[in-house]
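Okay, structure first, notes after.
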């Protein structure tokens, strides 16, 4: 072999069917309107509501008066999700299942 060329392809691990930022409407594998290079300076952020956005889009959104510090998709209070969103989703599903089982009255009562 005299020369070797390689090509790399990456994609954000998002669960959203559309794979677009709900604020700028750019695909997640592209950068937000404020950035020049995809992925380098514009990571994705997830909220506890499981909606995903470009970091810079979310920062700008939260700075607007009309945002009310809420998710632009469902208007729930915006709280950044920490850790792996896929793992967090599984853990939230498990917590919701546990809560549902605890809230159901037992047949003995």
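The values are calculated or read from the model by the stated rules, or taken from the named source; none is laboratory data. Keep in mind the model is a prediction, meaning the values are calculated, not measured. Here the Cβ positions follow ideal geometry from the backbone for every residue, glycine too, while neighbour counts run over all protein chains shown.
Before moving on, here are some points about what is shown:
- Residue within region 41-59 that is at pLDDT below 80 and in a helix (DSSP H, G or I) present: no
- Considering residues of region 46-59 that are under 14 Å from residue 24 (Cα atoms) and in contact with a helix residue (DSSP H, G or I) (Cβ under 8 Å, 6 or more places away or on another chain) only, the residue surrounded by the most Cβ atoms within 10 Å (Cβ to Cβ): 53
- Annotation: of all residues in region 60-85 being under 15 Å from residue 24 (Cα atoms) and surrounded by 11 or more Cβ atoms within 10 Å (Cβ to Cβ), the one that is modelled with the lowest pLDDT is 67.
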